[in-house]
Amino acid sequence: MTWSSTEVRLAQRPDGYPDESTWSIERTEVPDPGPGELVVKVQHISLDPAMRGWLNDVRSYIPPVGLGEVMRAFAAGEVVASNNDDFAVGDVVSGVFGVREYALCDGQGVTRLDLDVAPATTWLGALGMPGMTAWFGLTEVGRLKDGETVLVSAAAGAVGSTVLQIAKARGCRVVGVAGGPEKVAWLKEIGADATIDYKQGGVLKQLRSAAPEGVDVYFDNVGGEVLDAALANLRRGARVVICGAIAGYNEQKLPEGPRRYMSLLVFRASMTGFVVMDYEDRYPEAVSAMSKMIADGTLTPRETVLEGGVEAFPEALLGLFRGVNTGKLLLKL
Ligand code: NDP
């Protein structure tokens with residue numbers, strides 16, 4: 001048997017925001033699995049800000065997607081054929097399957113999902129790569145201590161909303177930054193002690209009133225103006241965790257900042273970047289802790305699921321930069 005699969009390939013590297021010239025949508029035939037292989041019918045594709053970085057032909061923590069290659073993507077789906085002893089037809093699995101309807105793979109990096117713990121969508125969000133990012137970024141890189149003051153940007157997104165709730169579970173005072181009244185209202189629902197709507201402007205003023213004594217940990221997902229405001233409002237010994245800088249991912253020239261970096265000296269603070277994959281060996285400990293948090297209600301995962309199949313991928317990816325998502329952004333096939 002073969003499977004007819006639509007897939008999204010990189011046609012041209014974008015300069016600025018990806019557009020229709022960036023992608024080509026093609027059909028291919030996926031053959032029966034060979035020895036040790038399996039075929040996965042992809043059901044949800046994860047939309048990640050990192051995808052924008054993977055389109056640039058630059059030295060990074062992972063090679064860029066090559067021209068003509070299927071776009072790299074985390075995804076979840078169901079095994080429809082298997083010659084691999086570790087996976088049976090009907091298993092729901094996650095892996096880096098790419099933006100396509102059917103993926104032929106050898107089982108490397110494929111994980112069977114326990115749907116009794118959470119639905120597959122959550123395994124791509126709070127219990128997947130974004131959740132691991134929140135957990136290790138906050139606890140290891142941020143060296144979070146109970147009761148500290150934590151500031152997190154893109155706080156209504158996949159990583160940010162998980163950071164917020166982990167910090168709350170540790171008895172911290174948490175200030176969440178997001179764009180727009182609906183998102184900041186949701187931040188309050190999931191436990192934020194104070195919120196900042198960066199789209200209202202005056203971020204530093206809002207931050208000074210939300211955290212008058214400064215912040216111990218700033219978990220930075222956006223860079224730019226919010227990073228500058230955070231640097232201006234640190235406590236002694238603060239840790240600035242550089243997780244991402246989405247505000248600049250589609251900029252054609254390098255950003256000006258960070259303008260307030262001398263605060264690191266004044267407040268004996270540190271600023272550290274990290275890549276979640278470096279913690280891969282330790283994902284099971286985070287999954288175990290966060291599964292318990294979901295079960296006891298201290299962590300409420302949320303996903304925004306777009307419809308439209310693989311053809312909707314180009315537009316769905318742009319949704320991340322427009323902030324269409326609350327929680328993890330996914331595309332349903
Ligand atoms: P999110 O779910 O947070 O989605 C992106 C959000 O960013 C949007 O919803 C939007 O929220 C916000 N945003 C978009 N454009 C801007 C802008 N110009 N200024 C401020 N905010 C903006 O994505 P993730 O949780 O998946 O990722 C969050 C960050 O973590 C990203 O920077 C990503 O690159 C990084 N990351 C890093 C990893 C690592 O290993 N270091 C691993 C995984 C993610 P709003 O409506 O509030 O503006």
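Calculated accessible area for the stretch 98-154 comes out at 37 Å² per residue, all protein chains present (probe 1.4 Å; ligands, DNA, RNA ignored). Derived scalar couplings between HN and Hα for the stretch 293-309 equal 5, 5, 5, 8, x, 7, 10, 10, x, 9, 10, 9, 10, 8, 10, x, x Hz in order, rounded to whole Hz, by the Karplus curve 6.51 cos²θ - 1.76 cosθ + 1.60 (θ = phi - 60°), x for Gly and Pro.
Taking a ≥ b ≥ c as the square roots of the eigenvalues of the alpha carbon gyration tensor, the stretch 1-125 is prolate, as a/c is not under 1.5 and a/b beats b/c. Modelled spin labels at Asp281 and Arg259, positioned 7 Å past Cα toward Cβ, are 4.3 nm from each other. Rounded to the nearest whole Hz, the Karplus-based 3J(HN,Hα) values (6.51 cos²θ - 1.76 cosθ + 1.60, θ = phi - 60°) of the stretch 225-236 follow the sequence 4, 5, 4, 4, 5, 5, 4, 7, 9, 8, 9, 4, with x at glycine and proline. The angle between the Cα long axis of helix 313-322 and the main principal axis of the chain comes to about 0°, on a 0 to 90 degree scale. Exposure check, 1.4 Å probe, all protein chains in place: Asp281 carries approximately 150 Å² of accessible surface.
Once you have a ≥ b ≥ c as the square roots of the Cα gyration tensor eigenvalues for the stretch 123-270, tell me rounded if a/c is under 1.5, and otherwise prolate or oblate according to whether a/b is larger than b/c. Rounded shape, in that the Cα axes give a/c under 1.5. Listed cross-link partners Lys183/Lys253; Lys183/Lys328; Lys41/Lys332; Lys168/Lys188 are compared with a 19 Å cut-off, the Cα-Cα value being larger for Lys183/Lys253. Proximity of backbone amide H atoms, modeled 1.01 Å from N, is registered between Gln43 and Ala76, Gly77, Glu78 at under 5 Å, excluding neighbours fewer than 5 places apart on the same chain.
Taking amide H atoms as placed 1.01 Å from N in the peptide plane, the amide H of Thr326 lies under 5 Å from those of Thr304, each 5 or more residues away in sequence or on another chain. The shape of the chain comes out prolate: with a ≥ b ≥ c from the C-alpha gyration tensor, a/c is at least 1.5 and a/b beats b/c.
The values are calculated or read from the model by the stated rules, or taken from the named source; none is laboratory data. All values reported here derive from a predicted model rather than from experimental measurement. So basically every Cβ, Gly included, is an ideal-geometry build from the backbone, and we count neighbours across all protein chains shown. Please note that ligands, DNA and RNA were not included when accessible areas were found on the heavy atoms of the full protein model with its side chains. Shrake-Rupley method; radii C 1.70, N 1.55, O 1.52, S 1.80 Å.
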